[in-house]
Amino acid sequence: MADGGASLSTAGHGGVDRFSALHDDLLRHIITLLPIRYAARTAVLASRWRYLWRSNRLVLIDTDISEPAHDAVVPRVLANHLGYFHAVFLYDCRLASLDRELPDWPRLLADKRTEKLVLAYRWLMDQPNLARPLPADILRCDSLQELTLHFWTFPSGVEVLLPHLRILTMARIVISDRDLECLIAACPVLKSLGLFVNSSKHARLCSQSLIGCTIVGLPRVEEFTVTMVDTPLLERFHLFQLLNGVEIRITRAPNLRVLGYLDTRVQKLQTGNSVIASDTMVRASTVVPSVNILGLTVNFGVFANMAIPNQLRAQRQSLHIEEGIFSSADKVTEIKDELQCLQFPRGISAVLQVSPEADTALRSEKAFNLTVDDPFDC
């Protein structure tokens, strides 16, 4: 090639230019697989590659950018890229440099039709009280399909327009109960919702599209309430590391199939007007017939905890049980032996495991993956 691209594309192939035979769409796909520092360098190969890079949907992951270039490179790439944005993952979202170098960056993300967005700031991991105000324009990026927010203060009362959002994850977000409810309502095709140690005390789920919901950890509040008001498609509801009192209210979730981990020592489950606890009498109004994969956290020193499967009995396929405290390997073996002697209600086909508390990140990842049939199966 006259512009210098031939030396690379033909090297090692006896002078045959194999890249020129590839379709532009395939070359664009190849570019998206490269770290940003290498993807940008393809523009110097030849005029065709320069066009492909500039017109391609941008994939920017800031962890691919080494220091000390990070502060300058991120806003420059966002500002100079001519094509739309496919994915922008800012795990170290530095507002000072973004606001200084590219003041309109939130609006730019919306204008460039960003589909996947991560805005986090890892340095606030141990300082949640320093969460920064989330730019309101992010919530009007109507092209977003996946949104992950870590360590932000949610702007109260703003218009939210997220008509295509399918996956929403929020961690350590300062947000009111009302704003959380409005946010969920503004996502008409939301499939998966993850809430991780946020400030709200009540999660009110009213969604015609939601399939899976995962709640991990609680803020510093004495009680937390989840209400499934109207969730006709909800199949999975996961709870992990909820150390405080939790009340789960099920008003309408006819397809709820996976539920857990429940701990009746600190959690209360209400279906309709009936409250289910370890000593609840079995009645037609106190069962959740759709649930067939159940996770329980129990204290094996208090066998009354084992009554809960009665209240949730159905055509149970899997029952996962874990000891409510951290256990040694010897203790786990002892508990497994004890379980072999327990008589479970008819309809429970298996007790698969008793284990010490597993890695929360791994659990959350499996629970959030809707393609995993049984998220409790380790």
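The values are calculated or read from the model by the stated rules, or taken from the named source; none is laboratory data. Fair warning: this is a prediction, and the values are worked out from it, not measured in the lab. Note that we place each Cβ from the backbone using ideal geometry, even for glycine, and neighbour counts take in every protein chain shown. All accessible areas refer to the heavy atoms of the entire protein, side chains included, with ligands and DNA or RNA removed. Shrake-Rupley method; radii C 1.70, N 1.55, O 1.52, S 1.80 Å.
Name the residues in the range 192-203 that are crowded, with 18+ Cβ neighbours inside 10 Å, in a loop (DSSP other than H, G, I, E, B) and not hydroxyl-bearing (Ser, Thr, Tyr), would you?
198
Considering each of 132, 122, 172 in turn, give the residue that is more than 18 Å from residue 108 (Cα to Cα) and surrounded by 20 or more Cβ atoms within 10 Å (Cβ to Cβ).
None of the others qualify; the one that does is 172.
Looking at 206, 213, 182, just one residue is touching a strand residue (DSSP E or B) at 6+ places or on another chain (Cβ under 6 Å), open to solvent by 40 Å² or more (accessible area, probe 1.4 Å), modelled with pLDDT of 85 or more and not small (Gly, Ala, Ser), and that residue is 206. Checking each residue in the range 66-114 for being in a loop (DSSP other than H, G, I, E, B) and buried (at least 18 other Cβ atoms within 10 Å of the Cβ) picks out 81, 93, 112, 114.
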